[in-house]
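The values are calculated or read from the model by the stated rules, or taken from the named source; none is laboratory data. This one's a predicted model, so the numbers in the text were calculated from it and none came from an experiment. No Cβ is skipped: glycine too gets one built from the backbone with ideal geometry, and neighbour counts run over all protein chains shown.
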Amino acid sequence: MITAVDTSVLVDIFGADPKFGERSAETIRRCLSEGSLVACETVWAETATVFRQESAFLEAMRILEVDFSPMSRDAALRAAAAWRRFREQGGKRDRIASDFLIGAHALVQCDRLLTRDRGFYRGCFQRLKIIDPAA
């Protein structure tokens, strides 16, 4: 079982979020007991901004057992199609490409997505299995 992890969950843990930090950590442990945990380049880049030093970020991801999973061309094209549909259906401009890249990566290359943004991902990627640590 391959679980893609969204930035929000990693930031919960690395930022010691008082509301979601522990639940996110527990859910990551459960996902790891069921298989592997990966993050696409978008999540990798977004999460790295939490750290002052690249080496600290890499060590934290190693300890958490999150592997880097580059996006395939098919996933990138799926993201573009989903973003286009979203905008054509009147979707708000507050959603940016990274949201669609994360969802498409999880849909095409993984078995599920670990995120607290379940409403958005369920709406744009109906076939994507979502795990929400806040639920």
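Miscellaneous remarks
- Pair list, Cβ under 6 Å, 6 or more apart: segment 31-59 residue of a type in the set (Asp, Glu), other residue in a helix (DSSP H, G or I): GLU46/THR7
- Any hit, segment 55-65, residues being part of a helix (DSSP H, G or I), among the polar types (S, T, N, Q) and closer than 15 Å to VAL11 by Cβ: no
- The one condition in (1) surrounded by 15 or more Cβ atoms within 10 Å (Cβ to Cβ); (2) at pLDDT 95 or above that ALA134 fails to fulfil: (2)
- Which numbered condition VAL66 misses (of (1) β-branched (Val, Ile, Thr); (2) more than 17 Å from ILE130 (Cα to Cα); (3) surrounded by fewer than 17 Cβ atoms within 10 Å (Cβ to Cβ)): (3)
- Exactly one residue among VAL108, VAL43, VAL38 is of a type in the set (Val, Ile, Thr), at pLDDT 95 or above and not in a helix (DSSP H, G or I), and that residue is VAL38.
- A single member of ALA56, ALA39, ALA45, ALA79 is buried (at least 22 other Cβ atoms within 10 Å of the Cβ) and more than 11 Å from the chain's Cα centre (by Cα), and it is ALA79.
- Some residue of segment 82-92 being polar (S, T, N, Q), farther than 25 Å from ALA134 by Cβ and at pLDDT below 95: yes
- Given (1) touching a helix residue (DSSP H, G or I) at 6+ places or on another chain (Cβ under 7 Å); (2) closer than 16 Å to ALA134 by Cβ; (3) touching a residue at least 12 places away in the same chain (Cβ under 8 Å); (4) not aromatic (Phe, Trp, Tyr), number of the condition ARG23 does not satisfy: (1)
- VAL50 passes every criterion in (1) aliphatic (A, V, I, L, M); (2) within 23 Å of LEU128 (Cα to Cα); (3) surrounded by fewer than 17 Cβ atoms within 10 Å (Cβ to Cβ) apart from (2).
- Filtered residues of segment 80-114 (kept if of a type in the set (A, V, I, L, M) and within 13 Å of ALA4 (Cβ to Cβ)): LEU101, ILE102, ALA104, ALA106, LEU107, VAL108, LEU113, LEU114
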